[in-house]
Each structure stands twice: as structure tokens, then as C-alpha cells.
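Engineer: Here it is, the structure in full.
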């Protein structure tokens with residue numbers, strides 16, 4: 001199959017070995033992330049996704065917060081492995097924080113009460129699509145990334161550190177940077193397990 005979008009999606013892979021040197025200037029990376037989120041779909045065009053982009057020392061600060069919070073709950077004899085993982089994220093050039101604005105969700109619930117129960121679900125779907133859009137966009141300019149979920153453990157400290165509005169709910173963190181290692185072969189489960197087609 002020859003399809004430009006599928007070809008682009010194939011480049012999106014999890015990269016844990018990140019470096020600081022980006023193939024594009026920081027301003028272009030920032031613009032790319034913003035445009036990917038801006039174009040990502042959302043139910044009722046709610047545009048509920050909110051983003052904080054951290055570069056360099058600001059990104060380091062995020063992973064220091066995560067390390068401090070995890071130190072409180074991870075057994076001491078197992079913390080070295082946890083710290084090593086967090087340091088691999090900090091080794092990158094930056095991190096994208098993905099939020100969903102709960103005020104947007106609540107406003108839609110008021111406007112469309114018939115669908116009120118669905119809007120939180122649709123908000124999560126919007127966040128997932130924004131995350132995927134950013135990840136694919138970064139991959140297509142040869143920037144590696146992975147998707148992490150240290151929320152809600154880090155929510156309070158990150159909110160204080162970067163003056164995040166109370167209505168923004170942290171959903172994921174995406175460390176990104178130079179690809180320092182090749183990607184392993186990706187494996188797939190059988191199509192027969194995943195798909196059904198009729199007609």
C-alpha cells in the first residue's frame with residue numbers, strides 16, 4: 001500500500017534513548033507542536049487540549065519533580081532503576097505536557113445536557129488525538145519521543161512551578177529529543193484478532 005499518511009505514521013515509534021541536539025531550531029519545533037495540536041480533531045470542535053512545552057532546563061526541572069515525587073513511594077532498593085528511567089527522559093531536548101481544560105468540558109455539558117456524560121470521554125479522546133498528532137509530527141522531522149503518564153503524582157508541583165490554571169487536567173508527558181539509538185523491529189498481533197469486516 002502506498003499512502004503518504006500511512007508512511008508518515010510508520011515513523012512514529014517509542015524512543016527512550018534521547019539526546020539534546022534537535023534537527024530543527026527550537027522555534028520551529030515549538031511551532032510544529034502547536035500546529036499539530038491546533039489541527040487535531042475534537043468532539044464538537046471543543047479544542048479542549050492545552051499544552052505546555054518545556055525546553056532544556058525547564059524540562060530537566062519537570063523530571064526532577066517526578067524523581068522527587070517517586071522517591072516518596074518507590075522502595076529505596078528499587079529507586080536506582082526508576083531514577084535511571086527518569087534521567088533518560090531528562091536527557092532529551094524537551095517535554096510536552098498535555099492537558100485537558102475541564103472548563104471547556106463543563107461548558108459543553110451545560111450547552112448540550114443530553115450528551116453531558118459523554119463529554120469527559122470525548123475530552124480524553126481529543127487528548128489522545130493531540131498526543132498522537134504531536135508524536136507523528138515530531139517523528140516526521142526525525143525527533144524521537146515517548147509517551148509517559150506520571151500524572152496525577154506530579155500534578156500539584158507542576159501546576160505550581162509553571163502557573164498552570166486550575167481547570168487544566170494533566171493527561172500525559174512526552175519527552176522528546178534526538179534519536180540516539182535505532183528503533184527495534186515493531187511486532188504486531190494477528191489481523192484476525194483485531195479486525196472484522198462485513199459487506
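Engineer: Working carefully through the options 121, 134, find the one that is in a helix (DSSP H, G or I) and in contact (Cβ under 8 Å) with a residue 40 or more places away in the chain.
Structural biologist: From the options 121, 134, the qualifying one is 134.
Engineer: Before we move on, is residue 62 within 16 Å of residue 174 (Cα to Cα), in contact with a strand residue (DSSP E or B) (Cβ under 7 Å, 6 or more places away or on another chain) and in a helix (DSSP H, G or I)?
Structural biologist: Numbers: within 16 Å of residue 174 (Cα to Cα): yes; in contact with a strand residue (DSSP E or B) (Cβ under 7 Å, 6 or more places away or on another chain): yes; in a helix (DSSP H, G or I): yes.
Yes: the conditions hold for residue 62.
Engineer: OK, next. Examine the range 166-173 for a residue that is free of Cβ contacts under 8 Å to residues at least 12 places away in the same chain and either more than 17 Å from the chain's Cα centre (by Cα) or in a loop (DSSP other than H, G, I, E, B) (or both), and state whether such a residue exists.
Structural biologist: Yes, the range 166-173 contains at least one residue that is free of Cβ contacts under 8 Å to residues at least 12 places away in the same chain and either more than 17 Å from the chain's Cα centre (by Cα) or in a loop (DSSP other than H, G, I, E, B) (or both).
A quick yes/no check of all residues on (1) part of a helix (DSSP H, G or I); (2) touching a strand residue (DSSP E or B) at 6+ places or on another chain (Cβ under 6 Å); (3) touching a residue at least 24 places away in the same chain (Cβ under 8 Å); (4) within 21 Å of residue 130 (Cβ to Cβ):
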{"residue": "12", "(1), (2), (3), (4)": "no, no, yes, yes"}
{"residue": "32", "(1), (2), (3), (4)": "yes, no, yes, yes"}
{"residue": "50", "(1), (2), (3), (4)": "no, yes, yes, yes"}
{"residue": "53", "(1), (2), (3), (4)": "no, yes, yes, yes"}
{"residue": "67", "(1), (2), (3), (4)": "yes, no, no, no"}
{"residue": "96", "(1), (2), (3), (4)": "no, yes, yes, yes"}
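Engineer: Are any of the residues in the range 53-69 within 25 Å of residue 121 (Cα to Cα) and crowded, with 18+ Cβ neighbours inside 10 Å?
Structural biologist: yes
Engineer: Hey, another quick one. Can you pull out the residues in the range 171-189 that are under 18 Å from residue 60 (Cβ atoms) and buried (at least 18 other Cβ atoms within 10 Å of the Cβ)?
Structural biologist: 173, 174, 175, 176, 177, 178
Engineer: Scan the range 69-81 for residues that are touching a helix residue (DSSP H, G or I) at 6+ places or on another chain (Cβ under 9 Å), over 27 Å from residue 163 (Cα atoms) and in a helix (DSSP H, G or I) and report the count.
Structural biologist: Selection size over the range 69-81: 1.
Engineer: Considering the range 110-126 alone, what residues qualify as being under 28 Å from residue 13 (Cβ atoms) and surrounded by fewer than 22 Cβ atoms within 10 Å (Cβ to Cβ)?
Structural biologist: Those that are under 28 Å from residue 13 (Cβ atoms) and surrounded by fewer than 22 Cβ atoms within 10 Å (Cβ to Cβ): 121, 122, 124, 125.
Engineer: So, residue 107, is that one part of a helix (DSSP H, G or I), loosely packed, with under 12 Cβ neighbours inside 10 Å and at pLDDT 95 or above or not? Full working, then the answer.
Structural biologist: Numbers: part of a helix (DSSP H, G or I): yes; loosely packed, with under 12 Cβ neighbours inside 10 Å: no; at pLDDT 95 or above: yes.
Taking the combined requirement at face value, the residue does not satisfy it.
Engineer: Being surrounded by fewer than 19 Cβ atoms within 10 Å (Cβ to Cβ) and more than 17 Å from residue 102 (Cα to Cα) is the requirement here; does residue 151 meet it?
Structural biologist: no
Engineer: Would you check if there is a residue in the range 178-193 being out of contact with any strand residue (DSSP E or B) (no Cβ under 8 Å at 6 or more places or on another chain), in contact (Cβ under 8 Å) with a residue 40 or more places away in the chain and closer than 24 Å to residue 30 by Cβ?
Structural biologist: No, the range 178-193 has no match at all.
The values are calculated or read from the model by the stated rules, or taken from the named source; none is laboratory data. Since the structure is predicted, the reported quantities are computational estimates derived from the model, not experimental observations. Because the Cβ atoms are built from the backbone with ideal geometry, glycine has one as well, and the counts that use them run over all protein chains shown.
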